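Worksheet: one structure, shown below.
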Amino acid sequence: MATGIASGSGQLHLREPVSWRISYGKAHSHSNLILNRMQNQINWSSGISKLLQVHRSNYSQCQVKINWKSRGGTIKSYLREGSTRYFDFAVIGSGIAGLRYALEVAKHGSVAVITKAEPHESNTNYAQGGVSAVLCPKDSVESHMQDTIVAGAYLCDEETVRVVCTEGPERIRELIAMGASFDHGEDGNLHLAREGGHSHCRIVHAADMTGREIERALLEAVVKDPNIYVFQHHFAIDLLTTQDGSDIVCHGIDTINTETQEVIRFISKATLLASGGAGHIYPSTTNPPVATGDGMAMAHRAQAVISNMEFVQFHPTALADEGLPIRPSNTREKAFLITEAVRGDGGILYNVDMERFMPLYDERAELAPRDVVARSIDDQLKKRGEEYVLLDISVKPREKVLSHFPNIAAECLRYGLDITQQPIPVVPAAHYMCGGVRAGLEGETNVQGLYVAGEVACTGLHGANRLASNSLLEALVFARRAVQPSIDHMNVSKIDHGASSWWPRPVAPVLLGDTVLNKVIRRTREVRKELQSIMWEYVGIVRSTSRLTLAEKRIKELELKWETYLFQHGWEQTMVGLEACEMRNLFCCAKLVVSSALSRRESRGLHYTIDFPYVEESKRLPTVIFPSQLNSSWSSRQLYRQHIC
């Protein structure tokens, strides 16, 4: 890969489809990663566009249960030949971005929604706080924009911010029209909450289970649509791409059915990546187990441009099991999130001696943006040698607490803690990737036919730190914006039914036998924990050049040892399995984060380094990672040689 801070203004728009031509010129080697400082006037706007072608229900009882075999309406069939499926549109991911996009493009053709677990198992489903939008007369688009840009440490793309903040309210109205039920106040209007970093109350929510309610509404709409086919338990392996002159073109995706171990190839005219983030590169994350960076890694291997991967958001307040009266008997697969809205509703942070500390760090105190609060908590924990801090909402009326945060109250009560009377033990945990696949204002990438939306994308909205409740908003806006260009691309594309033979097929490792396969899986799980430990120890909330360099070295050594172990036990380059492919993607994303962090020689937003502790105006630029096949490992390259047209 080639990594650098782009020169020019901090904007990213890919309006005009133009050829992808980059002259790498001279680049210096940095621990075998190529770092290109990109002095040829690339910026987030015009420069890049020249380079890229480019009444409330009971929420606690709400469970998403859908029988995907019982479908209403007239079903249009899709073409299938053996283990190949042909669709007009392929969607990777079943969160808010993927489902919202699918519902729109299904009006124009057949749609495959490919999801690696159950359809509801996405980051969306676990989002507690809500969706930010300007829906109050006292609020304004300009105010929402300003809050977003300040939270993003002035690295946000202003036009993207304006588009999202302007179009957001209409996207919320569409959700309500589709059946999503949000909380209303005594006046009958939507109840708007306030969260850290926001100057106004503008958070639309469904108690503290907003994501679950949105996912329910979208899934119910999807199951009724005869043009949408959901393929659950299908793990996406690699994008199917060809090279046509200087252009890279996406033709679909290879997957493996993790229940039958059958490799299924999807050929599509347009593909949307909406696969979420990469929280599991760290040992503690609020993300569900499916968040292993699959989309980011696949896109990087397919030569898509990646941006701003150093900006990993650690949510300040995940439930600290160590501080609960009754400890959970098993380690959680995902940390339990304590929503930002608790602080927005008046929750106060204390150390274990019940000393309030946030006013010592920032005049906004508990309502400071997430990066500030997370670093403040981290500093308290390190200085005092403690494992958690306390978040107290017990001063508020019991009825208000229970009505606003029923899910949090129920989870804490399971372990002997009554949040209406006792403070909640909390600790930061990996939460959201502000970087990802570089996208324009319509979700387009430099890979023709490939679009991105949601956490997998880097649109320029979040800059160096995401404002609370802007993630679901961004997913809604960009899922909708990617629709028309996808339809246009579909209309001028033809499916070549011989295309399925252009690439060798991946194979499941059944020939290895159960004994060897179990050894490989066991070793892979050990390596996964080792990688997560390295990332937390050296690439966490506070960083340094020496520790980042050590992380880079240790990750490279660990990756080599793991790949050597696999191949010595009979694993082949084209073999695929869930654990191995997830590990492959985790390595890829971890390296992207470290490389990006090393290239940013300042502290901005979520990236804080003790060697460069200040913001530098000259470095207010996005980090851009260009693809390179030099010194690439198994994790960083596609399983097959790219087909040349």
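The values are calculated or read from the model by the stated rules, or taken from the named source; none is laboratory data. Keep in mind it's a predicted model, so treat the numbers as computed, not measured. Glycine also receives a Cβ, built like all others from the backbone with ideal geometry; neighbour counts cover every protein chain displayed. Quick note on the areas: whole protein, heavy atoms, side chains included, nothing else; ligands and nucleic acids left out. Shrake-Rupley method; radii C 1.70, N 1.55, O 1.52, S 1.80 Å.
Would you mind classifying region 222-276 by shape? Square roots of the alpha carbon gyration tensor eigenvalues, ordered a ≥ b ≥ c; an a/c under 1.5 is rounded, otherwise it is prolate if a/b is larger than b/c and oblate if not.
Values: a/c = 2.46, a/b = 1.46, b/c = 1.68.
The shape class here is oblate.
On the accessible surface of the chain, probed at 1.4 Å, how many percent belong to carbon and sulfur atoms?
Working: 11700 of 23920 Å².
Reported share for carbon and sulfur atoms: 49 percent.
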Q) Is the chain rounded, prolate or oblate when judged by the Cα gyration tensor, a ≥ b ≥ c being the square roots of its eigenvalues, rounded requiring a/c under 1.5 and prolate requiring a/b larger than b/c? A) rounded
Q: Determine the dipole magnitude for the chain: charges of +1 sit on the beta-carbon of Lys and Arg, -1 on that of Asp and Glu, nothing else is charged, the reference point is the Cα centre, and the result goes in debye to the nearest 20.
A: 1220
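Ranked from highest to lowest mean number of other Cβ atoms within 10 Å per residue, what is the order of the peptides 602-611, 241-250?
Working: 602-611: 21.2, 241-250: 17.6.
Highest to lowest by the protection proxy: 602-611, 241-250.
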Q: Counting other Cβ atoms within 10 Å, keep those with at most 14, restrict to DSSP loop, and tell me which GluC sites (Glu not before Pro) in region 380-413 are left.
A: 387
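Applying a 10 Å radius around every beta-carbon, put 477-489, 309-321, 459-471, 157-169 in order of their mean neighbour count, most first. Present the calculation step by step, with values, prior to reporting the outcome.
Numbers: 477-489: 22.8, 309-321: 26.6, 459-471: 28.3, 157-169: 21.2.
Going by the mean number of other Cβ atoms within 10 Å, highest first, we get 459-471, 309-321, 477-489, 157-169.
For the cross-link pairs 561/591; 334/529; 383/619, which exceed 22 Å when the distance is taken from alpha carbon to alpha carbon? Intermediate values should be presented prior to the final figure.
Working: 561/591 16 Å; 334/529 14 Å; 383/619 31 Å.
Among 561/591; 334/529; 383/619, the Cα-Cα distance tops 22 Å for 383/619.
Taking 0.36 nm per residue of separation and subtracting the Cα-Cα distance, what length does fully extending residue 189 through residue 363 add?
Details: separation 174, 0.36 × 174 = 62.64 nm, distance 3.18 nm.
Full extension from residue 189 to residue 363 adds 59.5 nm.
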Q | Positive dipole terminus of region 313-431, leading residue within 406, 357, 380 (C-beta point charges) | A | 406
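If you roll a 1.4 Å probe over the heavy atoms of the protein chains, what accessible area per residue do you get for the chain, in Å²?
On the way: 23920 Å² over 645 residues.
Per-residue value: 37 Å².
Cβ neighbours within 10 Å, averaged per peptide: list 528-536, 100-108 in order, most packed at the top. Could you put the intermediate results ahead of the total?
Details: 528-536: 18.4, 100-108: 22.8.
Those peptides, ordered most packed to least, come out 100-108, 528-536.
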Q. Which one of 205, 469, 395 has its Cα pushed farthest toward the positive end of the charge dipole of the chain, where Lys and Arg give +1 and Asp and Glu give -1 at the Cβ?
A. 469
